[in-house]
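Below you'll find the structure, written out as structure tokens, and then a few comments.
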Amino acid sequence: MARKANISKEEIHQACWELIETNRFPNIPRLTQHFLQKDGRRCSNTTFLNAITEWEESYANHQQNQLQELNTLLLPVFQRFSREATQHLGQLLDEKNAEIEMHHANKQDAANGSYDSLSSALVETQNQLDALNIQNNETQNALALTEQKLAVCQEQNSHIKQQYQDLLSQNKVVNAQLKQEQSQSAELQLNLSQKEVDLAKQDAKLSLLTSENRRLESLLDKLTKKHAIKIDEHWQLMTEKLDALTASLKSDQGKHRDEKQ
């Protein structure tokens, strides 16, 4: 048989966290089962209900803090990625421009000595410039793609946040329904307890009436037997008196006949 003992509010809160870690939302039946399996202790539904209500506030704050921590962690990452990409592209462009300028200067020096070498350098420089423009366009496209990915990540983050808000709203509705069901369950439990008390009183009253009935039956049996004995005694006495009276009458009649003779 389960022993009854006080269960502290902190123990109930800890049990709520243990249940939520196993994807089971805390309620009165689950907490009752949890403590019965743990150490066999029990307490009132009102104690469980009050502790669950306090824990739900802590749980809502915990979820809100997790969302804020997620935003705090992701936003700096997105911003740092954008800055690093922009800085890297700018540095790459600066290096390429410096390389082109240096190469152009070298070609310009060579042009003073030979027209053919100048023409060749000009063609090579133009080719490198075209290649750099192509590379620059690719870099710009990559930057635009990065910005698009960043926008998508931000949009996904907003979508996740909205989903969390919707889930939190649904959780509040479910909690409200759960509280109502728990209140109804507690009320039904109280009514059941009262009916059990009334039934126990009726059983006790019935037992008392049964005992009293047995006592009266026993008393009636004794009185009946006693009355029968008294009737027998009275009848015997009356018989004796009648016999005596009959004998007296016979004696008087005999004397009367003697006197006439």
Quick check on residue 236: is it modelled with pLDDT under 75 and either in a helix (DSSP H, G or I) or within 30 Å of residue 47 (Cα to Cα) (or both)? no
Six or more apart or on different chains, Cβ under 8 Å: which pairs go from a residue in segment 14-34 that's without any contact (Cβ under 8 Å) to a residue 12 or more places away in the chain to one that's part of a helix (DSSP H, G or I) and open to solvent by 20 Å² or more (accessible area, probe 1.4 Å)? Could you list them? 24/30
Give the residue, chosen from 32, 47, that is within 21 Å of residue 189 (Cβ to Cβ), in a helix (DSSP H, G or I), open to solvent by less than 40 Å² (accessible area, probe 1.4 Å) and of a type in the set (Val, Ile, Thr). 32
At pLDDT below 70 and either assigned to a helix (DSSP H, G or I) or charged (D, E, K, R) (or both): does that describe residue 75? yes
Filter segment 185-222 down to the residues that are of a type outside the set (Val, Ile, Thr) and closer than 18 Å to residue 46 by Cβ and list them by number. 185, 186, 187, 188, 189, 190, 191, 192, 193, 194, 196
Which residues, taken from segment 19-29, are closer than 15 Å to residue 52 by Cα and loosely packed, with under 13 Cβ neighbours inside 10 Å? 24, 29
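The values are calculated or read from the model by the stated rules, or taken from the named source; none is laboratory data. These numbers were taken from a predicted model, which means no experiment stands behind them. A quick note on method: Cβ atoms are made from the backbone with ideal geometry, for glycine too, and the neighbour counts reach across all protein chains shown. Just so you know, the surface numbers come from the protein's heavy atoms only, side chains and all, with ligands and any DNA or RNA stripped out. Shrake-Rupley method; radii C 1.70, N 1.55, O 1.52, S 1.80 Å.
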